[in-house]
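Read through the structure below, which is laid out as structure tokens, and then see the notes.
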Amino acid sequence: MTDSSASTDRPDPPRGVVVTGGGTGIGRATAHAFADRGDRVLVVGRSEHTLAETAKGRDGIHVLPVDLADPAAPDAVVETAMREFGRLDVLVNNAATAGFDSLGGLDPAVVRAEVTTNLLAPILLTQRAVEPLAAVGGTVVNISSAGSLGLRAMPGSGVYAATKVGLDALTRTWAVELAPRGIRVVAVAPGLVDTEVAVRAGMPREAYDEFLASMLPRIPSGRVGEPEDIAWWVVTLTEAGGRYANGVVVAVDGALSVT
């Protein structure tokens, strides 16, 4: 049965949204997509400069420069959102860091940073956000990776993949745990998306461009994804029309993960 009383997806008043890792790439595109539909958005990240670029020209976007690895970060994020918006409807756990090396060459400091940013930070931030999310029947969207779905290996990116597999497990678990409180938890798993994250992690530009070109023939849809491709799915899954989706991990990768 359907609920015919839901005649529009536009919230009144505007929703309060938090997007972590909102200074670049998928996070920036997602913040823009929420703001453009009339929501008020708090973008969180370590770089004040990139956050300011995300907010430029959009009055609905607020910025909070904070390192999510800081134990005080969950309180700072949620308290800022509640102070600015008076409500928290959507939490997008997007912030992530990536290192590229095989097991024998892993730097322990890089490993700790990946696990802390990609897995521990979403756990603690979501835990802190439960009460305000429950008050409005909110949604958590975790940003995973299509490369880590199923039985696929990710040589050279094992730690990153492990954190994303962990986030998928948390998505399913939290969906069941939090459903009685009216909170939905879903995940979007991007495939190859041109966010330049590898360049920011130290890969030379020429090598990055060569990597994209080498992967293109393997993608059935025939193109590399753009951040806006992922942002559309993130926003759509939080709309009233998506309210029956819960505990799912949606791969958005041009069918690469099923080849």
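None of the figures in this text is laboratory data; all of them are computed from the coordinates on show. Small disclaimer: the values here were computed from a predicted structure and weren't measured. With ideal geometry, Cβ positions are generated from the backbone for all residues, glycine too; neighbour counts draw on all protein chains shown.
Which shape class, rounded, prolate or oblate, goes with region 144-259 when its Cα gyration tensor gives a ≥ b ≥ c as root eigenvalues, a/c under 1.5 marks rounded, and past that a/b bigger than b/c marks prolate? Here region 144-259 falls in the prolate category.
For D67, D89, the sequence from fewest to most other C-beta atoms within 10 Å is D67, D89.
Note on F100, F85: ascending count of other Cβ atoms within 10 Å places them as F100, F85, the fewest first.
For the chain, the longest principal axis of the C-alpha atoms and the axis of helix 205-215 are separated by about 80°. Summed over qualifying helices (DSSP H, 4 residues or more, each -39500 (n - 2.57)) and divided by its residue number, the chain shows a 222 nm mean residue ellipticity of -12500 deg cm²/dmol. Here the simple spin-label model places points 7 Å from the Cα toward Cβ, and for V176 and I123 these points are separated by 1.8 nm. Overall, the anisotropy analysis places region 31-145 in the prolate class: the square-rooted eigenvalues a ≥ b ≥ c of its C-alpha gyration tensor yield a/c not less than 1.5, with a/b exceeding b/c.
Highest mean first, the peptides 107-113, 180-186, 238-244 sorted by other C-beta atoms within 10 Å per residue fall in the order 180-186, 238-244, 107-113.
Cβ crowding within 10 Å ranks T97, T259, T236, T139 as T259, T236, T97, T139, fewest other Cβ atoms first.
Shown in residue order for region 24-40 are the 3J(HN,Hα) couplings computed by the Karplus curve 6.51 cos²θ - 1.76 cosθ + 1.60 at θ = phi - 60°: 8, x, 4, x, 5, 4, 5, 4, 5, 5, 5, 4, 5, 8, x, 7, 9 Hz (x for Gly and Pro). In the chain, the longest principal axis of the Cα atoms and the axis of helix 227-238 are about 40 degrees apart.
If you average the C-alpha positions of region 98-115 and of region 134-181 separately, how far apart do those two centres end up, in angstrom? Cα centroid to Cα centroid, the span is 20 Å.
Checking the a/c ratio against 1.5 first, then a/b against b/c, what shape does the Cα gyration tensor give for region 16-253? Judged from the Cα gyration tensor, region 16-253 comes out rounded (a/c under 1.5). For region 155-170, backbone phi angles converted through the Karplus equation (6.51, -1.76, 1.60; θ = phi - 60°) give residue-by-residue couplings of x, x, 10, x, 5, 4, 4, 4, 5, 6, 4, x, 5, 4, 5, 5 Hz, Gly and Pro being listed as x. Proximity of backbone amide H atoms, modeled 1.01 Å from N, is registered between V250 and A187, V188, A189 at under 5 Å, excluding neighbours fewer than 5 places apart on the same chain. Return one number: the angle in degrees, 0 to 90 and rounded to the nearest 10, between the long axis of the Cα atoms of helix 73-85 and the longest principal axis of the Cα atoms of the chain. Tilt relative to the chain: about 40 degrees. Principal semi-axes of the equivalent ellipsoid, √(5λ) from the alpha carbon gyration tensor of region 207-248, are 30, 11, 8 Å from largest down.
A simple spin-label model places pseudo-atoms 7 Å from Cα toward Cβ; at F100 and R83 they are separated by 3.9 nm.
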